[in-house]
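What follows is a set of notes on a single structure, which appears directly below.
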Amino acid sequence: CPFCQNYAISTVAESEVNTKYLSPFGLAHLAASMKDRNNIGVAFTYIEPMVGYEYVRDAAAEVKKLGMKNVVVTNGNVFLPILEEILPYIDAFNIDLKSFSDVQYKKLGGDLRTVQNFITRAAENAHVEVTSLIVPGLNDSEDEMKSLSKWLSNIDSSIPLHISRFFPNRNMSDGLPTDIVLLKKLSEIAKGNLERVYLGNV
C-alpha cells in the first residue's frame, strides 16, 4: 500500500537481505524452546504471511503438535480455499480492513468482497480482530465507518475493531497524520455497532 506503516521493516534492498532458512519443524521447536520465557506460540506477521501460505500451514501444524498457539496478521486478500488450508491450525487472526469501498480497494490492488469473505469464514473457527488504518481522504468518512462497523456487527458484535492512526510514510510521506478528534468520532460511531473498539497509534 502507498501508506504502509511497516515499510521500513517489511521491505529492504536486495543488498540488505540476510536470511537464514528455518524449516517449519525448526520454527516450531525454536518457539517451544522459549516456553521458559513465557512464549506461547508463533505470530506470522509484518510481511504478508499468505504470500507464503504453504510455509504458514506447515509451520502452524508443527506448532500445534507442540501444544502452542498460532496467530496470523494478514490483509485477508486471499481466496477461501487457501484460508481453509491454514484454518485448522490458527488460533487467532488480526485482519486489515483497509477500506469499506470497492473503488478504494481496487486502487490498492485488492478486493473488498474477498476480504469480507475471509473475515467471515475466519471468525467461524478462530478468534478474529480487525484493524482499520484511517488514512485522510481514503477511508475517513463517518458514513464509511457506520457501514463498516454495522457489517462487522452482523458477523459478531464482540469482534474487536482497532481504529489506527495514519502517519505519513512511504509514498504518502508528505501528508498529515490522521486527526485525533476525527479518530475519536469514528470510534464513537463504531461503538454504536460494536462492543469492543480501540484506538491505536495515538
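The values are calculated or read from the model by the stated rules, or taken from the named source; none is laboratory data. Worth saying up front: this structure is predicted, and the values here are computed from it rather than measured. Cβ placement follows ideal geometry from the backbone for every residue including glycine, while neighbour counts extend to all protein chains displayed.
Worth a mention:
- Matching residues, the stretch 144-157, being among the charged types (D, E, K, R) and part of a loop (DSSP other than H, G, I, E, B): Asp156
- Cross-chain or 6+ apart pairs with Cβ under 6 Å, the stretch 186-201 first and under 17 Å from Arg165 (Cβ atoms), then part of a loop (DSSP other than H, G, I, E, B) and hydrophobic (A, V, I, L, M, F, W, C): none
- Number of positions in the stretch 46-73 that are touching a residue at least 40 places away in the same chain (Cβ under 8 Å) and under 20 Å from His162 (Cα atoms): 1
- Restricting attention to the stretch 95-113, the residues that are within 11 Å of the chain's Cα centre (by Cα) and touching a residue at least 40 places away in the same chain (Cβ under 8 Å) total 2.
- Considering the stretch 21-43, and only residues there that are assigned to a loop (DSSP other than H, G, I, E, B) and of a type outside the set (S, T, N, Q), the residue that is surrounded by the fewest Cβ atoms within 10 Å (Cβ to Cβ) turns out to be Tyr21.
- Residues located in the stretch 45-72, provided they are basic (Lys, Arg) and either modelled with pLDDT under 95 or within 13 Å of Ala31 (Cβ to Cβ) (or both): Lys64, Lys65, Lys69
- Test for Tyr46: is it touching a Ser or Thr at 6+ places or on another chain (Cβ under 6 Å) and surrounded by fewer than 19 Cβ atoms within 10 Å (Cβ to Cβ): yes
- Among the residues of the stretch 153-175, the ones that are modelled with pLDDT of 90 or more, closer than 19 Å to Leu108 by Cβ and out of contact with any Phe, Trp or Tyr (no Cβ under 8 Å at 6 or more places or on another chain) come to 2 in all.
- Residue check for Asn18: loosely packed, with under 13 Cβ neighbours inside 10 Å, modelled with pLDDT of 85 or more and more than 20 Å from the chain's Cα centre (by Cα): no
- Filtered residues of the stretch 31-63 (kept if in contact with a Pro (Cβ under 8 Å, 6 or more places away or on another chain), closer than 12 Å to Leu87 by Cα and charged (D, E, K, R)): Asp58
- Among the candidates Leu182, Leu194, residue that is in contact with a strand residue (DSSP E or B) (Cβ under 8 Å, 6 or more places away or on another chain), surrounded by 14 or more Cβ atoms within 10 Å (Cβ to Cβ) and in a helix (DSSP H, G or I): Leu182
- Elements of type helices (runs of 4 or more DSSP H) in the stretch 63-143, at least 2 residues being of a type in the set (A, V, I, L, M, F, W, C) and either assigned by TED's automatic domain parsing to the domain that holds Val202 or buried (at least 19 other Cβ atoms within 10 Å of the Cβ) (or both): 80-86, 112-125
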